[in-house]
Structures are given as C-alpha cells and as structure tokens.
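Take a look at the structure set out below.
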Amino acid sequence: MRVTTRNARFQQWEALLANRTKRGRSGEFLVQGVRPITIAVERGWPIRCLLYAAGRRLSSWADGVLHATDAERVEMAPDLLAELAGKDDAELVVVAELPPDDLSRITPTGPVIVFDRPSDPGNIGTVVRSADAFGAAGVIVTGHAADVYDPKAVRASTGSLFAVPVVRAPAPGVVADWARTADIRIIGTDETGTRDVSRCDLRVPTLIVIGNETRGMSASWLAACDEVVRIPIGGAASSLNAASAATVLLYEAARQREEK
C-alpha cells in the first residue's frame, strides 16, 4: 500500500497522535523512534502496520524491522511520515495494538508501582522506564490521568513500555482489592510519611503508590495504604518530582532485594 496524500487512512493515524478517544476506539497507538520500535519488535508486541518513507534508501535497521514482522507495510510520502514521526528524517513509524487493561498481566514477583492520576505523560514514561530498570513487576496508572499511550509517554519510556506490563485502572478500589487478594502490601509515599523509606521492608511483594504531581495521593489511596513512607531530602527543595520519587523508591526496593 502507498499513501501520498492526506487521505482518510492518513487522517486516522494522525488522530492517534493527539486524540486519546480515537486511540481507544481503534485499539491502536503510534510508536516513534529507533529504540522503542526495536524493543516493540524484539518483545513480540502486536504490530498492525509499519509505515516507511517512500523513495528513500532505508538503513539496515529499518530494513531489518520491515522484514522482522508480518505486519502490513505502508509506503508513505516522506513529508507525511515526518508529521506522524515528529521529525523530518524518520524512516519508520509503527502502528501498534493497545493491550488489555487487565491486572492479570502483572505477576507480582517484584514491586509494583501505582501512579495515581498523573497529569504529565512524560512522567508516566519516565516511571515506566525506571520500573524496567529496577526490576519492577509492573506499573498501574489509576484515576483520571494522562494517557499511557500518548506519544510523549511512549517516547519517554524509551521502549520500556514494551518490556514492563502497564495497566490502566479507573479507580483505586479495584487495584487495592487485587493487591489484598494477592497478599501484597500497599505502601504510599508522602512528605508527611511516618518513617523514611530506607526503614521500610520492600523485599516482600509491595504496591508502591506515587501521587499526582501537585496534589499527591488521593484520599482513597491514603485510606488503602498499610503505611505511608517519606523520602528524606535536604536543600531548598520542598519535594521531588513524582517520577523522581518513583525512581528513588524503585532503587531502594532493588537495593534491599540485592541484600536479602
């Protein structure tokens, strides 16, 4: 197939860049960049289409990706592909399938991070990246939140979105019930926590809750927590960015597991 004009199919893919509702209805999202695309293919993520630049000699990487899956291949005018890729010299953009938001995708062999009502998709991607780096079992995004599959979140994860199960949940209740059923402790984070995170045992199955960037954890999550811990900080800073706080907690959990 070849696309050289802003036809209906191009407009369908273009809508995936900014329209969360269209992503949900179509069950697909766009993947941009060499590393995210490479990891998506290596991990066997379901791919619906591979969009590549027409009339351009492709690199060995792009040619390898095109031959690594059975997905539909679409040759696209370079200026149109650049619009979908967010850069002029892009060789490929992938149209990937949305996974189910099913908590059974997460096997709690390590800590599970909950990000409560995040407003910044870049922070979501950074948390997913840190979760991957420090051996978390999964990430759960709860409440009215930015979209996990927003292009900014996908890029910020640098491919980790395809390596760590990420599940969206509409409210804390279903996640807290899942944790209780699986005998997972729920640990919240807040500057008013009862003790430093280093004194909390994170070696056991643990759900670590990170609150919204400005408002912190919701009342529902505060009520569900077995304990609320704090990250000791100094200097003029009053708090850490939510993604930074998640990274500190994940590192501490990994450190404790190493010492077990």
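Just so it is clear, none of the values below were taken in a lab; they were calculated from the coordinates. Predicted model only: the values in this text are computed from it and were never measured. A quick note on method: Cβ atoms are made from the backbone with ideal geometry, for glycine too, and the neighbour counts reach across all protein chains shown.
Subtracting the Cα-Cα distance from 0.36 nm times the residue separation, let me have the gained length for residue 20 to residue 240 in nm, one decimal. Write out the running numbers ahead of the final one.
Numbers: separation 220, 0.36 × 220 = 79.20 nm, distance 2.83 nm.
Going from the current span to full extension adds 76.4 nm.
Label point 7 Å out from residue 248 along Cα-to-Cβ: which residues of region 122-163 have amide N under 16 Å?
Answer for region 122-163: 127.
Taking 0.36 nm per residue of separation and subtracting the Cα-Cα distance, what length does fully extending residue 204 through residue 180 add? Mind dumping the intermediate values first?
Details: separation 24, 0.36 × 24 = 8.64 nm, distance 1.35 nm.
So the extension gain works out to 7.3 nm.
At a Förster distance of 51 Å, what's the computed FRET efficiency of residue 257 paired with residue 75, Cβ-Cβ distance as r, to 0.05?
Here the calculated transfer efficiency is 0.60.
Please give the contour-minus-distance gain from residue 12 to residue 233: 0.36 nm per residue of separation, less the Cα-Cα distance, rounded to one decimal in nm. If you can, show how the numbers build up before the last one.
Numbers: separation 221, 0.36 × 221 = 79.56 nm, distance 4.66 nm.
Taking residue 12 through residue 233 to full extension adds about 74.9 nm, to one decimal.
Could you tally the net charge around residue 85, taking each other residue with its Cβ under 12 Å from the Cβ of residue 85, Lys/Arg +1 and Asp/Glu -1? Kindly include the intermediate steps, with their values, before the conclusion.
On the way: positive: 87, 155; negative: 14, 79, 83, 88, 89, 91.
My count for the surroundings of residue 85 gives -4.
Which one, 98, 240, 222, has the greatest fluctuation when you compute a Gaussian network model over the chain with C-alpha springs under 10 angstrom?
240
Just flag the trypsin sites (Lys or Arg not before Pro) in region 121-217 sitting in loop per DSSP whose Cβ has no more than 16 other Cβ atoms within 10 Å. Spell out each step's value before the answer.
Working: sites: 129, 152, 155, 168, 180, 185, 195, 199, 203, 215; in loops: 203, 215.
Of the trypsin sites (Lys or Arg not before Pro), the ones in loops of region 121-217 whose Cβ has at most 16 other Cβ atoms within 10 Å are 203, 215.
Hey, if you drop one equal point scatterer on each alpha-carbon of region 2-97 and run the Debye formula without solvent, what base-10 log of I(q)/I(0) do you get at q = 0.20, 0.22 Å⁻¹?
Normalising to I(0) and taking log10 leaves -0.96, -1.18.
Say we join alpha carbon atoms closer than 10 Å with springs in a Gaussian network model of the chain; which of 216, 86, 138 then has the biggest fluctuation?
Highest fluctuation of the listed residues: 86.
Could you pull out the trypsin sites (Lys or Arg not before Pro) across region 67-117 that fall in loop regions by DSSP (anything but H, G, I, E, B) with no more than 13 other Cβ atoms inside 10 Å?
87
With a Cα-only, solvent-free Debye model of the chain, what are the log10 I(q)/I(0) values at q = 0.08, 0.15 Å⁻¹?
Cα-only, vacuum Debye calculation for the chain: -0.35, -1.00.
222 nm [θ] for the chain, helices only, -39500 (n - 2.57) per DSSP H run of 4+, per residue, to 500?
On the way: 10 runs with 95 residues, N = 260.
Computed mean residue ellipticity for the chain: -10500 deg cm²/dmol.
Grab the beta carbon distance between residue 43 and residue 63, set R0 = 25 Å, and tell me the FRET efficiency rounded to 0.05.
Once the sixth-power term is evaluated, E becomes 0.80.
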